[in-house]
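A short worksheet on the structure shown next.
The values are calculated or read from the model by the stated rules, or taken from the named source; none is laboratory data. As the structure is a prediction and not an experimental result, all values here were calculated from the model. Quick reminder, even Gly has a Cβ in these numbers, built from the backbone with ideal geometry, and neighbours come from all protein chains shown.
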Amino acid sequence: MNLNVGLEVSSISIPSFFDGNNYSFWKTRMTIFLQSLDYQLWHIIVNGPRMPTRMVEGVVSLKPENEFNDNDFRMLQLNSKAKHVLFCVVGPNEFNRISSCDTAKEMWDLLEVTYEGTNQVKETKISILVHEYELFLIHDNESISDMFTRFTTIINSLKNLEKSHPNQELVGKILRCLPRSWTPKVTAIEEAKDLLTLPLEQLLGSLMTHETTMKNHEHVEVKKKKTIALSASKEEIESDKDGDVDMAHINSQFKKFLKRAKRLSKEIPPRRRIKQNGRAKLL
């Protein structure tokens, strides 16, 4: 089995490699891989191998190897195969940690305790995740897709710690976390869909479609407002232009009036003052 250390391989025939990081992600992928490879193999990893035994005079003891039958050999071979698979998908540090284990179950359990902790540690992690779940809300300006990614991260982490929620509760939680502006859509979904059977993926698709419609409406409204503002601005500019034209006309007429008055003042002779009988008289 060729595995490139540290390289994420996408082939369905090669298990996911574990380098000590993101154990929950690796555990989920490895579980599915082992089940698809051989479900009996997965059963042995979870429950341990069934060791060949015999009963002599009411006492149960291990069979000697020369008494193994075909089924006994198959069970032992599955345990060795499971150990081989686990050895091939871990880095040097994890290999050293599990190399002394006799069964694949011991190897799997040791990795689980190392990266998930004891039952007490698990309970603490579950409490933290449950608290995040209960307070979960969509963030301001967060897309439906990003919100759903955060939500699935929480519920998948809980599921890996063997704490799961029924589908109806998850659907209801998503609908309750939406802002008030989504109330009409939430009401429509609750009235039209059976929340007991509505898949989360279908709910996500419906919410994303509505989100796209809302964004289109917002775009149209913004465009309308810009058009109205532009029209009002043009009217103000035209009004200012008309005012400028009127003022220019008044200035022109006033200048013409001044020129005419100046010309008339030159054409009219000055009045003379003469004295008659001791009185001044204007001519």
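Values for this structure:
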item	result
Extreme residue, surrounded by the most Cβ atoms within 10 Å (Cβ to Cβ), among residues of the stretch 114-139 that are touching a helix residue (DSSP H, G or I) at 6+ places or on another chain (Cβ under 7 Å) and hydroxyl-bearing (S, T, Y)	Y133
Pairs where the first residue, in the stretch 86-106, is more than 16 Å from L34 (Cβ to Cβ) and in contact (Cβ under 8 Å) with a residue 12 or more places away in the chain and the second is surrounded by fewer than 16 Cβ atoms within 10 Å (Cβ to Cβ) and among the β-branched types (V, I, T), C-beta under 9 Å, 6+ apart	G91/V5; E94/T114; R97/T114
3 or more residues at pLDDT below 90 and of a type outside the set (D, E, K, R): qualifying helices (runs of 4 or more DSSP H) within the stretch 119-204	119-134, 144-160
F73 surrounded by 15 or more Cβ atoms within 10 Å (Cβ to Cβ) and free of Cβ contacts under 8 Å to residues at least 24 places away in the same chain	no
Residue selected from the stretch 22-52 under the condition over 30 Å from the mean Cα position of the chain (by Cα) and among the aromatic types (F, W, Y), by the criterion surrounded by the fewest Cβ atoms within 10 Å (Cβ to Cβ)	Y39
Residues located in the stretch 45-88, provided they are under 26 Å from S16 (Cβ atoms) and part of a loop (DSSP other than H, G, I, E, B)	G48, P49
